[in-house]
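Everything on this sheet refers to the single structure shown next.
The values are calculated or read from the model by the stated rules, or taken from the named source; none is laboratory data. The shown structure was predicted, so the numbers you read here are calculated from the model rather than taken from an experiment. Methodologically, a virtual Cβ is constructed for each residue, glycine included, from the backbone with ideal geometry; neighbour enumeration extends over all protein chains shown.
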Amino acid sequence: MVYPVTLLTTNGPENMTAKQDAPAFHRNKQPMLDVLVPLLAGEQKHVLEIASGSGQHGPFFTDAMDNLVWWPSDINAEAINSINAWRRELDADAVQNPQLVDVTADQWRTGESFTGWPEKFDAIVSMNMIHIAPGAATPGLIEGAAKRLNSNGKLIFYGPFKRNGKQTADSNEKFDQWLKSRDADWGVRDLEDVTETAKSNGLTHYKTIEMPANNLVVVFRM
């Protein structure tokens, strides 16, 4: 999976590792925090992040919300290195060891356990992922998430979506065209299709929240 990042060099314990700085993190960190606070407030919450990318969100959110235990993951080994680099630099104790996760693989889709993970999560978060992933990633993510969320657990998506098959803004249309020029299997997903897939896996639509830059937060609940 490709992430738009700037590479920053940092000293790791054994080798020089690439710490990534994602411009999208700086744009969306506060709007996303404002959304997550009411969704995840209260007692301790174990939150799994799918496609953590640079790994900057986990330390930011857990610093602001001391009830969160954040479990990052990514399909990309370079992203795993970056997640660990940020954890070390920011001394983010609430951010757990990242896992390599491919949401199209059987281990994820069937609900098989990953080493160190809790049996169930209170929330699973995926930000800016499903449009820069193969089409199979969306149903795969939802299928595996439904097997790992506890009762009343939430699946939270953030990113651009089509609605009723149509783009919601010219900028999203251009972005969709650019994505497809990179990979024909990428593209802005239709919210109704995502909702139907969630429903078929036992999840119900909880709320949709308008976000800056023509993005949405879409929340499903067990």
Only one of Ala51, Ala18, Ala64 is farther than 20 Å from Asn215 by Cα, modelled with pLDDT of 95 or more and hydrophobic (A, V, I, L, M, F, W, C), namely Ala64
Residues in the range 152-176 that are more than 19 Å from Leu216 (Cα to Cα) and either surrounded by 14 or more Cβ atoms within 10 Å (Cβ to Cβ) or more than 20 Å from the chain's Cα centre (by Cα) (or both) total 1
Per the list (1) surrounded by fewer than 20 Cβ atoms within 10 Å (Cβ to Cβ); (2) hydroxyl-bearing (Ser, Thr, Tyr); (3) within 20 Å of Val194 (Cβ to Cβ), residue check on Ser126 breaks on (1)
Checked the range 69-87 for anything surrounded by fewer than 22 Cβ atoms within 10 Å (Cβ to Cβ) and either assigned to a strand (DSSP E or B) or at pLDDT below 95 (or both); matches are Val69
Can you confirm whether the range 189-207 contains a residue that is in contact (Cβ under 8 Å) with a residue 12 or more places away in the chain, of a type in the set (Gly, Ala, Ser), under 20 Å from Arg109 (Cβ atoms) and part of a strand (DSSP E or B)? no
